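Just so it is clear, none of the values below were taken in a lab; they were calculated from the coordinates. Keep in mind that this is a model prediction, so the values were computed, not measured. Ideal geometry is used to build each Cβ from the backbone, glycine not excepted, and the neighbour counts take in all protein chains shown.
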Amino acid sequence: MTIRGRVLLSAAALAAALAIAGGAASAAPGNALRLELAGSKGQAIRLADFAGKVVLVKIWASWCPQCRQAFPQLSALQRELRPRGVEIVAVNVDDVRKRATAFLAEHPTPMVVAFDPRARMLEALGGAAIPASFVLDRTGAVRYRHTGYDAATLAAYRQEIETLLSERQ
């Protein structure tokens, strides 16, 4: 849920996020894999639909400066890596969907876009704030987590994705 542009989570989700914040992880986000969100064309999107692929889940909002900065770089990364079995899922948490739609009209993207105004995906993946991102291996396990976005984050995504792509299936 958002209030004045800030994402709020339950105390349990915050505690879980603080317990596993940053670095590599190996949690299996069962609830996140089954969570159904609306796609940009009204279609149902579930992370389970991307089984067998390396997935970068980016939780973002149109009002977030770091999210806005990351968006074109993630779009370029998606174009580059999709042929190798990588999918970037951009989960928008704007509480007013037309703001997100206006942003997407200005910034078309090849990423899969899902809408989650209640930030259920963020909570299910154990995040505490946005921007947040989670890199999932081919089995759907969260292997890497990030909060925030800066110049080093894109390089970290690349390294983590390459590591996961090199693992045996």
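Distant-in-sequence amide contacts of TRP60, defined by a placed amide H-H separation under 5 Å and a gap of 5 or more residues or a different chain, comprise VAL91, ASN92, VAL93.
Amide H contacts for ILE88 (H built 1.01 Å from N in the peptide plane; partners 5 or more residues away or on another chain; cut-off under 5 Å): LEU56, VAL112. In the stretch 93-169, a dipole from Cβ-located charges (positive for Lys and Arg, negative for Asp and Glu) runs towards its positive end, and of LEU154, VAL96, SER166 it is VAL96 whose Cα lies farthest in that direction.
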